[in-house]
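Below is one structure; the comments refer to it alone.
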Amino acid sequence: MGIKIIIGIGIGAILFFLAFGLYNASKLKTIEITQSISIRAPQKKVYDMISQLSNYPKWSPFLAQDPTQNYSVKGKDGIVGAQYHWEGNNGKDLGHQKIESLEPNSFIGIKVHIQKPFKAEPMFNYTIRTMGSRTEVSQKFILQSGLVDAYFLWLFGVKKEMEITNKQGLNLLKKASEKS
């Protein structure tokens, strides 16, 4: 009789954890992270730092985390269709990002195509505007995922890691843009 109760409690706990996880995962099917930073540099300089993909190594949080990463720019840099390809972490990370839309000196939309270590296609939208003597950059990160992927995002607390990495990227953008 005692073993049946233990098994029943175990199964109940597992079902509760799965239900709780799926409920939380349903809230992560769309992840949006918006962060901003104020930069002491002209708006055009900041815009060029983002829109010219050849500048990305100067402020990439991923290259900062993996300095051995291989990368290349394909297509005409700084226009819609230009791509930044990367492979890092001894071949475990692979993908590219592509400029999807541009509004001169004010907006850059970049679609990321991650192939490894998992498949995902997040979008980064950068809005740039002058605020007094500074340039304000707002970065909006959007990731759509299915319920199973969202479950693992919840299980491993990936959203918090994304927030930290995106903030690191903005801080590196500030540092690179403020250099003379």
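General remarks:
- Pairs of Cα atoms nearer than 8 Å and 6+ residues apart set the relative contact order; for the stretch 1-144 it is 25 percent.
- Electrostatic dipole magnitude of the stretch 93-180 [Cβ: Lys, Arg +1; Asp, Glu -1; Cα centre; debye, to 20]: 220
- Calculated FRET value between K58 and F118, using beta carbons and R₀ = 35 Å, to 0.05: 0.85
- Taking H96, H85 and counting other C-beta atoms within 10 Å, the order from fewest to most: H85, H96
- Exposed loop sites are taken as trypsin sites (Lys or Arg not before Pro) in a DSSP loop (any state but H, G, I, E or B) with at most 14 other beta carbon atoms within 10 Å; the longest stretch of the chain without one runs 120-178.
- Taking the number of Cβ atoms within 10 Å of each Cβ as an exposure proxy, the fewest-first ranking of F20, F62 is F20, F62.
- GNM top mover of G81, G157, G12 - the chain, alpha-carbon springs below 10 Å: G12
- Projecting the Cα atoms of S36, F20, Q97 onto the dipole axis of the stretch 2-178, where Lys and Arg carry +1 and Asp and Glu carry -1 at the beta carbon, places S36 farthest toward the positive end.
- Computed over neighbours whose Cβ is under 10 Å from that of S38, the net charge equals +2, Lys and Arg +1, Asp and Glu -1.
- Charge dipole magnitude, Cβ of K and R +1, D and E -1 - the stretch 25-163, Cα centre, debye nearest 20: 180
- Residue order, fewest to most beta carbons within 10 Å, for T34, T68, T127: T68, T34, T127
- When the helices of the chain are scored as -39500 (n - 2.57) per DSSP H run of n ≥ 4 and the total is divided over every residue, the value at 222 nm lands at -12500 deg cm²/dmol.
Bear in mind that the values in this text are calculations on the coordinates, not laboratory data. Remember, predicted model here, so these are calculated numbers, not experimental data. Here the Cβ is made from the backbone with ideal geometry for all residues, glycine too, and neighbour counts use every protein chain on show.
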